[in-house]
Each structure stands twice: as C-alpha cells, then as structure tokens.
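The values are calculated or read from the model by the stated rules, or taken from the named source; none is laboratory data. Because the structure is a prediction, the values reported are computed rather than measured. Here Cβ is always computed from backbone atoms with ideal geometry, including for glycine, and neighbour counts include all displayed protein chains.
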Amino acid sequence: MPGRRAIPNGAAVPKPLVPGTVRLYIGTMSGFFLILLALAMLAVLASLLAGVFLMARGGESNERHSNRLMRLRVTLQGVALVLFLLAILTAD
C-alpha cells in the first residue's frame, strides 16, 4: 500500500504525516516532565523551609506539625525522583 511500510510481523503502520513528529512528541513529553520536576522540587523546598521556620519558632505548633511536614517533604521527594526518572526515560 502506498504511504505504509511493513513491520516484521507483517502488519502495516502508517508513515507519520510530518517526518520527525514522533521525536517531537517524545521531546514534548520530556519537557513536560521537566516542568513537573521543577514544580515538585519547588514544593520540596517550600515544605523544607516551612519545617525549618516552624522548628525555629518552636512551641506547640512545632510539636503538632513538624512530623506532618517531614512526611510531606519525603513524599514530595519521592514524587520528584519518579518525575526525574520519567524525564530521563523520555529524553531524546
């Protein structure tokens, strides 16, 4: 068939309408993950700074919220790590 190419199992897949569109899609996804990674890193920094200021202030609010902020920071670090891996896997 014109406009189609054969793949090993015999099925035909259409050629991209514009050459390089698959590469553009992968590059766009990589950029998307990098933006999400930057936002996740800023969220980690914000939770870290909130915990430090809360600890420096001390008092009852420190006792109530310090553990929660630490768990939030660790969770956000995990999210940032996953996004970092996805950005690497989708890079050109």
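Looking for whichever is surrounded by fewer than 16 Cβ atoms within 10 Å (Cβ to Cβ), at pLDDT 75 or above and under 27 Å from the mean Cα position of the chain (by Cα) here; the options are L76, L48, L39, L72. Which one fits?
Result: L39 is the single residue among L76, L48, L39, L72 that is surrounded by fewer than 16 Cβ atoms within 10 Å (Cβ to Cβ), at pLDDT 75 or above and under 27 Å from the mean Cα position of the chain (by Cα).
Return the pair list, or none, for Cβ contacts closer than 7 Å from residues in region 35-49 that are closer than 15 Å to R71 by Cα and in contact (Cβ under 8 Å) with a residue 12 or more places away in the chain to residues that are surrounded by fewer than 17 Cβ atoms within 10 Å (Cβ to Cβ) and among the polar types (S, T, N, Q), at least 6 apart or on different chains.
From residues that are closer than 15 Å to R71 by Cα and in contact (Cβ under 8 Å) with a residue 12 or more places away in the chain, the pairs are V44/Q77.
Contact list please: Cβ distance under 8 Å, first residue in region 69-92 and of a type in the set (S, T, Y), second residue crowded, with 18+ Cβ neighbours inside 10 Å, pairs at least six apart or on different chains.
From region 69-92, the pairs are T90/F33.
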